[in-house]
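The values are calculated or read from the model by the stated rules, or taken from the named source; none is laboratory data. Model, not experiment: these values are computed from the prediction. All Cβ positions, glycine included, derive from the backbone under ideal geometry; neighbour counts span all protein chains shown. We work out accessible area using only protein heavy atoms, side chains counted, and drop any ligands, DNA or RNA first. Shrake-Rupley method; radii C 1.70, N 1.55, O 1.52, S 1.80 Å.
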Amino acid sequence: MDRRARILVVEDDPVMARMILAALEQPEWETLPVCRLADGLGAVTAWGADLVILDRSLPDGDGLDLCRKVRGGPASASVRILVLTGALLASHEKVEAFEAGADEYLAKPVPPVELAARVRALLRLKRAEDALREQEAQIRKLRLALEQSPATVVVAGLDGTIEYVNSTFEALTGYSAVEAVGMNTRELKSGLHGKEFYRELWKTIQSGRVWRGKFNNRKKNGELFWEKATIAPVFDEKGRITCYVAVKEDVTELMRTEEALKAAKNAADAASQAKSAFLANMSHEIRTPLNAVLGFIHLLQGTSLTAQQQDYLANAGCASR
């Protein structure tokens, strides 16, 4: 509660109202007095009251009617209510007040010091309940985020026993959350990785560091799949590791694509090497007889030939080069 606490005083007796307001003159509180039920109900929500001090008997009705309406409203259900009565505190009236939603039911006049103490206690209760509701809302939001995450999320204890899995894990592995919780992460192993692989993984996270990498796991139906994972230790307020959380992405198709590309590259490299070897071999096979032809042309040019024959040999020598 960042602002000052707001206390609504619903009291039709001016003298009693002044006594109550005087008892509540505290720097951390602000007060608003009204004298009718109708005014009180509007002020609870419009003014944003944190606590209502409510007279049981009012000119326009029973104060417990306001108590019931305040407690039943979704926007005002957390407001604390202290009911005052000028009558004797009969047991059945107390029961009726508490069943109507009152947090306190006291007989007038209440000593100022006691009234202030009771108000302070009720406001502490409201702050605690508000904080609890906020924490619960944050937990619900976090749970929804985890459940709707496209990544697999697994929380495991210090020995690897699974404590939580999200719906993505269920869809990917075929294990329901009920089946998975209580299993050990080793039950998902595919057998593809050796002991040293897992030894290094555990050594990393047990030392308080984050492990990142890929590993192969096995689904419930026996099918193997690849995951890219980030596994991190979770610490308590004293710095002790309490559990491990793994956020993982299914990269099976990516790994298959990479393997296919690798195979295609190897095949292309092999074809290129074969082509180079073929060309080198053919070049050698052609060069040997060609050199012989050139040698004979050169010899022929040294013999007695007609001018036309010499011209033919000259053209053959140029063409063979």
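Here are a few things to note about the model shown:
- Accessible area per residue for the range 1-101, computed on protein heavy atoms with a 1.4 Å probe, is 48 Å².
- Listed residues 268, 180, 280, most fluctuating in the chain (Gaussian network, C-alpha, under 10 Å): 280
- Averaged over its residues, the range 148-248 has an accessible area of 55 Å² per residue, based on protein heavy atoms and a 1.4 Å probe.
- Placing a label point 7 Å from the Cα of residue 129 along the Cα-to-Cβ direction, the residues of the range 52-75 with a backbone N closer than 11 Å are 52, 71-72.
- Cα gyration tensor shape for the range 92-173, rounded if a/c is under 1.5, else prolate or oblate: prolate
- What the Cβ-Cβ distance of residue 193 and residue 265 gives, at R0 = 30 Å and to the nearest 0.05, is a FRET efficiency of 0.75.
- Overall dimensions of the range 43-154 by Cα: Rg and Dmax, Å: 18.6, 64
- Among 214, 195, 219, 262, the order of accessible area from largest down is 195, 262, 214, 219, computed with a 1.4 Å probe on protein heavy atoms.
- Of 66, 172, 299, the one that fluctuates the most in a GNM where the chain has Cα springs shorter than 10 Å: 299
- Members of 141/248; 141/219; 189/265 lying beyond 23 Å, as alpha-carbon distances in this model show: 141/219; 189/265
- Considering only 13, 50, 130, the Gaussian network model of the chain with Cα springs below 10 Å gives its largest mean-square fluctuation to 13.
- Over the chain, the Kirkwood radius and the radius of gyration, each from Cα atoms, give a ratio Rg/Rh of 1.55.
- 10 Å binning of all Cα-Cα separations within the range 79-222, expressed as whole percents from 0 upward: 9, 24, 19, 10, 12, 14, 9, 3, 0
- The share of accessible area on the range 37-154 that comes from carbon and sulfur is 59 percent, using a 1.4 angstrom probe.
- For the range 112-117, Karplus couplings with θ = phi - 60° (6.51, -1.76, 1.60), whole Hz, Gly/Pro x: x, 5, 5, 4, 4, 5
- Kirkwood hydrodynamic radius of the range 1-96, from inverse mean 1/r over distinct Cα pairs, in Å: 13.6 Å
- Selection from 151, 57, 37 lying farthest towards where the dipole of the chain points positive, charges on Cβ: 151
- Charge dipole (debye, nearest 20) of the chain; +1 at Cβ of Lys and Arg, -1 at Cβ of Asp and Glu: 1520 debye
- Sorted largest first, extent of the range 192-263 alpha carbons per principal axis (Å): 50, 23, 21
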